[in-house]
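These notes concern the structure reproduced below.
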Amino acid sequence: MNDLFLESRLLSDAGAVNAVSMRVEGKPAGFSMRRNGTAGLPEEINRREFLGAVGFDESSVARAEQVHGTNIARVSSPGVSPETDALVTDRGGLLLAISVADCVPILIFDRRKRIASAVHAGWRGTAGNITSKLVQYFYSEFGSAPDDIVAFVGPSAGACCYEVGEEVAGRFPEKSRRKGASRGKYFLDLKSANSDQLTDMGLARMNIEVSKHCTICNLNYHSFRRDGESSGRMMAAIAIG
Ligand SMILES: [Zn+2]
């Protein structure tokens, strides 16, 4: 255990290197991983420290542009995949990384075929069933079997805090939402919506780890909802171990 990132034991035991960086008091910019294009900024130093702790460096990172869509990119080399929110690889030595602050990071691994994936699912991606699409991709592209797939649904906006309007809530099944504090408002459970997509696609509950942590009310995480435009970002990453 360390105080820079958390790790899913389920994924580690299955043979995947995995980590979700945290908000760390005392670190520059709260250990934010946010990118803004200028070298040497605190975030750049943070990323180097985080990646080093995980056993990688920037030159082996594959990233996604993240446009709140449902496109999946299969990658075999480092760099940025445009207009995608889900990365998949069968190449070792490549770290798939996505950036989050309230959106759900989902890390998925086929322990037999050794396929890794990182998904960024905000409400739009979740409503568009990006996680179901990703599992379907494992089945059709790699011939994965449901029982070989393990997944971590990481810390993100929780049903305790994540209040949305009717126009957003209406896109989700009833079991993923409950009435909010005021009329026309609902609390949305993005983590359960995504883990439901995994089980609907045939994954066993015991092969899914869901973080109990809510990024909005737990100060160990960055939160866009809580901190606004100045919010930092966490990095969620996975590689074939
Ligand atoms: Zn909360």
Flagged pairs (Cβ under 7 angstrom, 6 or more apart or on separate chains; first in segment 91-115, of a type in the set (Ser, Thr, Tyr); second open to solvent by 10 Å² or more (accessible area, probe 1.4 Å) and not in a strand (DSSP E or B)) are Ser99/Gln66; Ser99/Arg233
Can you confirm whether Gly69 is farther than 26 Å from Thr131 by Cα, surrounded by 16 or more Cβ atoms within 10 Å (Cβ to Cβ) and touching a Gly at 6+ places or on another chain (Cβ under 8 Å)? no
Is it the case that segment 192-208 has a residue that's within 15 Å of the ligand (Cβ to nearest atom) and either open to solvent by 30 Å² or more (accessible area, probe 1.4 Å) or on the phi < 0 side of the Ramachandran plot (or both)?
-> yes
Val75 vs (1) in contact with a strand residue (DSSP E or B) (Cβ under 7 Å, 6 or more places away or on another chain); (2) surrounded by fewer than 17 Cβ atoms within 10 Å (Cβ to Cβ); (3) under 20 Å from His120 (Cα atoms): all pass except (2)
Scanning segment 126-170 residue by residue, those among the acidic types (Asp, Glu), free of Cβ contacts under 8 Å to residues at least 40 places away in the same chain and in a helix (DSSP H, G or I) turn out to be Asp148, Glu166, Glu167
Scanning segment 155-189 residue by residue, those within 16 Å of the ligand (Cβ to nearest atom) and over 30 Å from Phe138 (Cβ atoms) turn out to be Cys160, Cys161, Glu163, Arg178, Gly180, Ala181, Lys185, Tyr186, Phe187
Report whether or not Phe50 is aromatic (Phe, Trp, Tyr), in a helix (DSSP H, G or I), modelled with pLDDT of 95 or more and more than 19 Å from Leu134 (Cβ to Cβ).
yes
Of those in segment 219-239 that are closer than 22 Å to Ala19 by Cα, within 17 Å of the chain's Cα centre (by Cα) and open to solvent by 20 Å² or more (accessible area, probe 1.4 Å), the residue farthest from the ligand (Cβ to nearest atom) is Arg233
Selection from segment 58-91 of residues among the polar types (S, T, N, Q) and part of a loop (DSSP other than H, G, I, E, B) yields Gln66, Thr70, Asn71, Ser76, Ser77, Thr84
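Quick grid of which residues meet (1) under 13 Å from the mean Cα position of the chain (by Cα); (2) under 21 Å from Cys161 (Cβ atoms); (3) open to solvent by 30 Å² or more (accessible area, probe 1.4 Å):
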{"site": "Gly93", "(1), (2), (3)": "no, no, yes"}
{"site": "Ile108", "(1), (2), (3)": "yes, no, no"}
{"site": "Arg112", "(1), (2), (3)": "no, no, yes"}
{"site": "Val135", "(1), (2), (3)": "no, no, no"}
Scanning segment 8-27 for residues that are surrounded by fewer than 18 Cβ atoms within 10 Å (Cβ to Cβ) and outside any loop (DSSP other than H, G, I, E, B) gives Arg9, Ser12, Asp13
Ala181 meets each of (1) of a type outside the set (Lys, Arg); (2) closer than 19 Å to Asn129 by Cα; (3) assigned to a loop (DSSP other than H, G, I, E, B) with one exception, condition (2)
request  = Would you check if Phe152 is under 19 Å from Ile98 (Cβ atoms), open to solvent by 20 Å² or more (accessible area, probe 1.4 Å), more than 12 Å from the ligand (Cβ to nearest atom) and within 17 Å of the chain's Cα centre (by Cα)?
outcome  = no
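The values are calculated or read from the model by the stated rules, or taken from the named source; none is laboratory data. A quick note: this is a predicted structure, and the numbers were derived from the prediction, not measured. Glycine also receives a Cβ, built like all others from the backbone with ideal geometry; neighbour counts cover every protein chain displayed. Just so you know, the surface numbers come from the protein's heavy atoms only, side chains and all, with ligands and any DNA or RNA stripped out. Shrake-Rupley method; radii C 1.70, N 1.55, O 1.52, S 1.80 Å.
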